[in-house]
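Bear in mind these aren't lab numbers, they're just calculated from the coordinates by the rules spelled out. The shown structure was predicted, so the numbers you read here are calculated from the model rather than taken from an experiment. For neighbour counting, all protein chains shown are included, and Cβ atoms are generated from backbone atoms with ideal geometry for every residue, glycine included.
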Amino acid sequence: WNIARRDAVMPVGALTELLPEKHADFILKYGKTENLYEYVMSEHLRISGLYWCLTSLDLLDKLESADMDLIIDVINGAKNPDGGYGASKGHVSHILHTLCAVQCLTTLKRQDLIDVDAVVGFVKGLQQADGSFYGLNEEADNDTRFSFCAVATLYLLKKLEEIDVEGVVNYVMQCYNFDGGFGTYPKSESHAGQIYCCIGTLATTNNLERIDINRTARWLAERQCPSGGLCGRPEKLPDVCYSWWVLASLAIIGKQHWIDKETLVKFILASQDDELGGIADRPEDETDPFHTVFGLAGLSLLGYEGLQPIDPVFCMTTRTLGDLSFATKPPE
Ligand code: GRG
Ligand code: ZN
């Protein structure tokens, strides 16, 4: 193939080693009250932000440095009477933040703080007759991301049987496209983020045999650009977060070896900032906790040394998940 393709530029003299201490410092500075205020508190992303930060620290084996009491206050403050969690105090419950709250409390070994029946009630209330899920009550915004969030939340609480699992799976299969990918809703374009969510849903519910593994793996493997980075759709630029969405999807279906490991590792390492710490979407961009966690998680799946092993379905360490882990051995 010699077809011109949109790609990132790999800078001369790019970093080639992981800087774990820099990344731990970068993440921990968001744990300090004033920065938490500036970044996580002021945004509508607070609980998801905590999940990105905690999972980064867990991958780096630095969880004990997190300000546990502050984090627990923030999560408890985001809990609503309907059983769900909002982005932060005073925000309406949303399935995305409910999953993140459950993930954070699981990572902190504080599942005892979860009112399981209330969370189950909230999640159940979001399921529609066709099996799909809304993200929040009374808003028709069915999205396969929310199917995954619902399934993952209940799986982590060992309550999967509380929803119509066959219905979720049938809806997800309606979003399966001829090219092997999945979209946001039926007949919508394939996107790597949605593929991760749909494959995660099928894996968690033991339904992976419903797809053509080779066709899906081929769509995913074609996302690798000459720079080594992975993109989310044809004609898009590579971005470090797709080192998670694409690679984890391949890992779940046992085809991780269909992408070139060495150049992907180089791409992620080149996206680090050696002064401020953290990982960016691509080389020389500004770093943030979102791309830091998915860069680290991608490196962990690729077997990069010094990182805790990650579960490809839940993006949490296998150590944290224990018997809940789905982790499959990366195939040779
Ligand atoms: C347990 C890790 C975890 C997640 C929970 C919310 C969720 C489940 C998954 C999100 C999957 C998703 C849709 C990821 C894509 C995020 C993203 C970078 C979207 C931007 O997409 P485009 O195509 O832009 O508009 P790009 O940057 O690719 O050109
Ligand atoms: Zn990104």
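Net charge in the neighbourhood of Val151 (other residues with Cβ under 15 Å of its Cβ; Lys, Arg +1, Asp, Glu -1) is -1. The trypsin sites (Lys or Arg not before Pro) found in the range 182-232 that occupy coil by DSSP, while having at most 16 further C-beta atoms within 10 Å, are Lys187. Take every Cα pair under 8 Å whose residues are at least 6 apart in sequence, average their separation, divide by the length of the chain, and the relative contact order is 19 percent. Starting from the range 130-220, pick out the GluC sites (Glu not before Pro) whose DSSP state is loop and whose Cβ has at most 15 other Cβ atoms within 10 Å. Within the range 130-220, the qualifying GluC sites (Glu not before Pro) (loop, at most 15 other Cβ atoms within 10 Å) are Glu138, Glu139, Glu189.
If you take all other residues with their beta carbon under 12 Å from the beta carbon of Lys124, and give Lys and Arg +1 and Asp and Glu -1, the sum is -4. For Lys255, the lysines whose Cα comes closer than 23 Å to its Cα, not counting residues fewer than 8 places off in the same chain, are Lys236, Lys266, Lys329.
Label positions at Val116 and Glu284, each projected 7 Å from the Cα along the C-beta direction, are separated by 5.2 nm. Across the range 120-218, the relative contact order, built from alpha-carbon pairs under 8 Å that are at least six residues apart, equals 25 percent. For the options Asp69, Asp58, Asp239, a Gaussian network treatment of the chain with springs between C-alpha atoms closer than 10 Å singles out Asp69 as fluctuating the most.
Pull out a ≥ b ≥ c, the square roots of the eigenvalues of the alpha-carbon gyration tensor of the range 208-277, then state rounded if a/c is under 1.5, prolate if not and a/b is larger than b/c, and oblate in the remaining case. Prolate shape, in that a/c is at least 1.5 and a/b is the bigger ratio.
When the GluC sites (Glu not before Pro) in the range 237-302 are filtered for DSSP coil states and for at most 11 other beta-carbon atoms within 10 Å of their beta-carbon, the remaining sites are Glu275, Glu286. Taking Cβ atoms as reference points and 13 Å as the exclusive limit, the residues near Lys109 contribute a net charge of -1, counting Lys and Arg as +1 and Asp and Glu as -1. Of the residues Ala280, Ala118, Ala24, the one that moves most in a GNM of the chain with alpha-carbon contacts below 10 Å is Ala118. Counted without the sites themselves, the longest stretch of the chain free of chymotrypsin sites (Phe, Trp or Tyr not before Pro) in a DSSP loop having at most 14 other beta carbon atoms within 10 Å is 2-177. The overall shape of the chain is oblate: from the C-alpha gyration tensor, with semi-axes ordered a ≥ b ≥ c, the ratio a/c is 1.5 or greater and a/b is no larger than b/c. The sum of -39500 (n - 2.57) across all DSSP H runs of n ≥ 4, divided by the residue count of the chain, sets its helix-only mean residue ellipticity at 222 nm to -13000 deg cm²/dmol. Each label was represented as a point 7 Å from its Cα along the Cα-to-Cβ direction; for Phe178 and His257 these points are 3.2 nm apart.
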